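Here's the structure, in structure tokens; my notes come after.
The numbers here are math on the coordinates, done by the rules we state, and not lab data. Since the structure is predicted, the reported quantities are computational estimates derived from the model, not experimental observations. Here the Cβ is made from the backbone with ideal geometry for all residues, glycine too, and neighbour counts use every protein chain on show.
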Amino acid sequence: MVIKELMNRFFTVVADPYSEAKRRKEQGQKVIGWLPTDVPEELIHAAGAFPVGILGSSNNIRLADTHLQVWVCSLMRSSLEMELCGDLDFLDGIIIPQTCDTTRALSGLWRKVCRTPYVEDFLLPKQVKRPSAREYLTGELARIKTSLEQVTGKKISDETLDTSIRLFNENRQLLRRMFEIHTHQPGLLTSREVYTVIKAAMYMDKAEHNGILRDLIRALEHKAAESAGTPDSKARLVISGGVWEPPEIMDLIEEAGGVVVGDDLLTGMRYLTPDVDEERNPLEALADRQLNKIPFGGFDNQNYERRRFLLDLVRNSEARGLIFLHLKFCEPENYDYNDMREALNSAGIPNLRLETEVANPSLGQIRTRLEAFIEMIGGNPIERTL
Ligand code: SF4
């Protein structure tokens, strides 16, 4: 199948993200949603339920604003709006990771005003390199495992969990391979196509996603070999932030002459890395995956702090600049921003901050700022081969 046809499969999923979850529900399978991000989907899968990401929508926010202040991030406001409007009635449950004050508050609110039968918190350690973090997190994962077993009525054995871990590891490895091809030859897929494939993984059955993605990678490798050495004149960029919302932002970057070759997004590399060690006790290995994730404003990682991580990311991906893509009112990003900007400025790395919203984005001004930034950093041809 050609690349365009394969991509259409992923675009169709993202345009109607909950059709598979609803189908599973009709067939009698339990559906457990998760809010971004870091929720160990493997545990939900091993419990025989269908895990699905709840990532907000572009619909107007009305009902949620009667419960949440307008200065709460639009990702959480619009996710709550979806539930209050009845768009998430297919959910048997939801797991809410406590990554910031907003998700902490939302968890109590969801229990109080929503109809979702089962609401569970994922209580993450904030200082991920403390010696106690690993032991604590392993215990927290064991608690969620028991909680899922109770709600699904299915015991999770180590063997079942190992099988789920292998499936999800394969998905991460395939996604990273697609991203690697893209960073070496950015002309093969657009930035929006790359991130659509990643987003589709959050809505689809992983085995099905893996199958289509394998075909896509084969097609990309074939095309990459044909066009090896073709110069690429786009300005290579790194994106730092939470989520790539609104989706049109990737189109604007490309139209302005840029291409995204690296990120630290919750719906990007933080979702794809690292793998879970398949040789270890599965709960301890899941805990280690969490503790070894790339840095994010919600967690404190003294061993590999975010400033150094971003500088390394820009250099390793041969990017010309970095765009901070922040959701308005995202506290962790707001607190991190000044330190990150100073580090980039000191290293002479051009950077731009864009504030966006999941719902009702106004894109005119963003387009103008992107065009000016990408024109400023230039887009001289870069010759690369796989
Ligand atoms: S980390 Fe930011 S974007 Fe995510 S829920 Fe918290 S405030 Fe919203």
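Structure values in brief
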read-out: Number of the condition not met by Ala319 [criteria: (1) away from the ligand (no atom under 16 Å from the Cβ); (2) farther than 25 Å from Pro247 by Cα; (3) of a type in the set (A, V, I, L, M, F, W, C)]; value: (2)
read-out: Unmet requirement for Lys293, which otherwise passes all of (1) in contact (Cβ under 8 Å) with a residue 12 or more places away in the chain; (2) more than 16 Å from the ligand (Cβ to nearest atom); (3) farther than 19 Å from Val260 by Cα; value: (2)
read-out: Checking Asp264 against (1) within 16 Å of the ligand (Cβ to nearest atom); (2) over 16 Å from the mean Cα position of the chain (by Cα), the condition it does not meet; value: (2)
read-out: Residue within segment 136-145 that is outside any helix (DSSP H, G or I), surrounded by fewer than 18 Cβ atoms within 10 Å (Cβ to Cβ) and in contact with a Pro (Cβ under 9 Å, 6 or more places away or on another chain) present; value: no
read-out: Residue selected from segment 268-290 under the condition surrounded by fewer than 22 Cβ atoms within 10 Å (Cβ to Cβ) and in a loop (DSSP other than H, G, I, E, B), by the criterion farthest from the ligand (Cβ to nearest atom); value: Glu279
read-out: Looking only at segment 170-224, and only at residues there that are polar (S, T, N, Q) and more than 18 Å from Gly53 (Cβ to Cβ), the one that is surrounded by the most Cβ atoms within 10 Å (Cβ to Cβ); value: Ser191
read-out: Looking only at segment 299-318, and only at residues there that are in a loop (DSSP other than H, G, I, E, B) and in contact with a strand residue (DSSP E or B) (Cβ under 7 Å, 6 or more places away or on another chain), the one that is nearest to Leu265 (Cα to Cα); value: Ser317
read-out: Filter result for Phe168 (touching a Pro at 6+ places or on another chain (Cβ under 6 Å) and of a type in the set (Phe, Trp, Tyr)); value: no
